[in-house]
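Worksheet for the structure shown next.
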Amino acid sequence: MKAYRTVRGMRDFLPKDAETMRQVEKFSREVGQLYGYEEIITPVVESHNLLAAKAGEEIRERMYTFKDLGGRKVALRPEFTASVARLVATKLRNKPKPLRLFSVGSLYRYDEPQYGRFREFWQANYELFGSTRPEADAEILMLTKDLLLNLGLRNCRFKIGHMGILRGILSQENLDERQQNRIMQLLDKKRWEEALNVARSAGASPRCLKILKKVFETKGKDAFQVLGRAEDDVQDYEEAVAAVENLREILELAREGGVKLEVIIEPGFARGLEYYTGMVFEPYVPEIETALGGGGRYDKLIELFGGQPIPAVGVAQGVDRIVLAMKTQGVAPKIVKEKVVVIPVGEEYVAKAMKLSSMLRSAKLPVEVEVMGRAVSKTLSDADRRAVAYAVVVGPEELKEEKVVLRDMKKRKQRVVEIKNLCEAILGSLR
Ligand code: AMP
């Protein structure tokens, strides 16, 4: 029999790899739920017109496009954003804002296959509609960081820029959108000189070219210092100054929100897609050169798909690249495997034990309640036999003060803990 192979750029996922992919998918869905994002499922096949409408030129050229048997020109989706925008402009148009949407699934681009680049790949996609405020941008950064952290990844860095910086300069120099897009595409590929040449032949002033050159060179790890420098450089361009200010606010919020972001600011960094209007960012880990995801603000998108103007900010996490990063760092998500047993000291404490077990489970701890009516000592020796990590003993003395006994089974030590601190006491000792 002829030995069939997968089509170039397509992959099989054998059990171990399939498991890791699904694990990342599960975590991405969980983070979405924690931040209030509702899942939607859209079709893999969409009309070519929709998908081509606002994708950057590069993606447009690499779409899997074909005629279906009914003669319709269709394509496999190369990204989620067009489908989500279609929904927000139509079926979801009357939904109250803010609207938070999540989708996860496979996408298709006829990219040149290489390390971390495939023709079928997966993304977890989050979109927040209805807010122009910096806290919405900060939320997307925080969510991205939480996902990567929950999966066990270390040393994540965010490369961050703002489309308003360059677009602000170029608009004030009267370059039209097409010329601006051309420049953005070149910048995305780090072809700085060519980008400057395009600006020059489009009529940008010598002073503007000098400033652009400076902006391209502005990058550094101290976000606030870099932004200060950028603000000085672009001071003659009102919109560009506002963009720098906006980025500063977003980063301050993310920092004050308790998130430690390692940031590389590159005001000249422009993501290739044409619809970005504000902050743009990409998360990285040091071991892998390519971005793990990409996101930013695109306030004009819904309008372009025929809807009312609705501001939007979002991120697409590259599931395959995240899996590669996890393999390279040799990390796995932290899943609590240690079990807790909750033991009521007699009939009248069973209900309370049930209640405490729910509380512990909502903190993601695997919990068993003693359901055999056995004495505490018997349950404890049974728990020992089955390698349970913690026992919570619910009895009259401690309950009077809203407390319980927490026993570390391995160390054979116990202490009295306030119920309100119980989850943290267990989780804390697992860390
Ligand atoms: P984009 O939709 O181009 O902004 O990409 C967002 C993220 O999707 C990237 O950072 C990658 O993690 C992932 N991605 C994009 N294209 C590919 C591809 N051909 N193969 C694997 N992952 C990809």
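Under a plain spin-label model, where a point goes 7 Å from the Cα along Cα-to-Cβ, how far apart in nm are GLU61 and SER201?
A separation of 1.6 nm, rounded to one decimal place.
For the chain, what is the mean residue ellipticity at 222 nm derived from helices alone (per DSSP H run of n ≥ 4: -39500 (n - 2.57); sum divided by total residues; nearest 500 deg cm²/dmol)?
On the way: 17 runs with 183 residues, N = 431.
Computed mean residue ellipticity for the chain: -13000 deg cm²/dmol.
Under 20 Å from the Cα of LYS95, which aspartates and glutamates turn up, not counting those fewer than eight places away in the same chain?
GLU38, GLU39, GLU127, ASP299, GLU303
Among GLU46, GLU401, GLU289, whose mean-square fluctuation peaks in a Gaussian network model of the chain (Cα, cutoff 10 Å)?
GLU401
Let a ≥ b ≥ c be the square roots of the eigenvalues of the Cα gyration tensor of segment 64-200; is it rounded (a/c under 1.5), or, if not, prolate (a/b larger than b/c) or oblate?
Working: a/c = 1.28, a/b = 1.12, b/c = 1.14.
Rounded, because the longest to shortest axis ratio a/c is under 1.5.
Against the longest principal axis of the chain, how steep is helix 177-188, in degrees 0 to 90 to the nearest 10, with axes from Cα atoms?
Between the helix axis and the principal axis of the chain, the angle is about 60 degrees.
Ranked highest first by average number of other Cβ atoms within 10 Å, how do 117-130, 381-394 line up? Working shown, then result.
Numbers: 117-130: 21.9, 381-394: 17.8.
The peptides rank, most packed first, as 117-130, 381-394.
Give me the percent of DSSP beta bridges within the chain that run antiparallel, rounded to the nearest 5.
75
Using only the Cα atoms of segment 1-126, build the gyration tensor, take square roots of its eigenvalues as a ≥ b ≥ c, and label the shape rounded, prolate or oblate: rounded if a/c is under 1.5, else prolate if a/b is larger than b/c, else oblate.
Values: a/c = 2.17, a/b = 1.19, b/c = 1.82.
Judged from the Cα gyration tensor, segment 1-126 comes out oblate (a/c at least 1.5, b/c at or above a/b).
Which lysines have a Cα less than 29 Å from the Cα of LYS411, not counting those fewer than 8 places away in the same chain?
In chain and number order, the partners are LYS334, LYS337, LYS339, LYS352, LYS355, LYS364, LYS378, LYS400, LYS403, LYS420.
Give, rounded to the nearest 20 debye, the magnitude of the charge dipole that segment 165-275 has about its Cα centre when Lys and Arg contribute +1 at Cβ and Asp and Glu contribute -1 at Cβ. Could the numbers behind the result be given before it?
Numbers: 18 positive and 21 negative charges, 106 e Å.
The calculated dipole for segment 165-275 is roughly 500 debye.
For THR379, THR6, what's the fewest-to-most ordering of other Cβ within 10 Å of each Cβ? The partial results should precede the final answer.
On the way: THR379 22, THR6 9.
Ranked by crowding around the Cβ, least crowded first: THR6, THR379.
Looking at VAL369, PRO134, THR42, which one has the Cα that reaches farthest to the positive end of the dipole of the chain (charges on Cβ: Lys, Arg +1; Asp, Glu -1)?
Result: VAL369.
Expressed in nm to one decimal, what extension gain is obtained for the pair ASP232 and LYS420 from 0.36 nm per residue of sequence separation less their Cα-Cα distance? All intermediate terms of the calculation are to be shown ahead of the outcome.
On the way: separation 188, 0.36 × 188 = 67.68 nm, distance 5.08 nm.
Separation in residues times 0.36 nm, less the Cα-Cα distance, equals 62.6 nm.
Laboratory data are not the source of any read-out in this text; all were calculated from the coordinates shown. Model, not experiment: these values are computed from the prediction. Backbone-built Cβ (ideal geometry, glycine too); neighbour counts: all protein chains shown.
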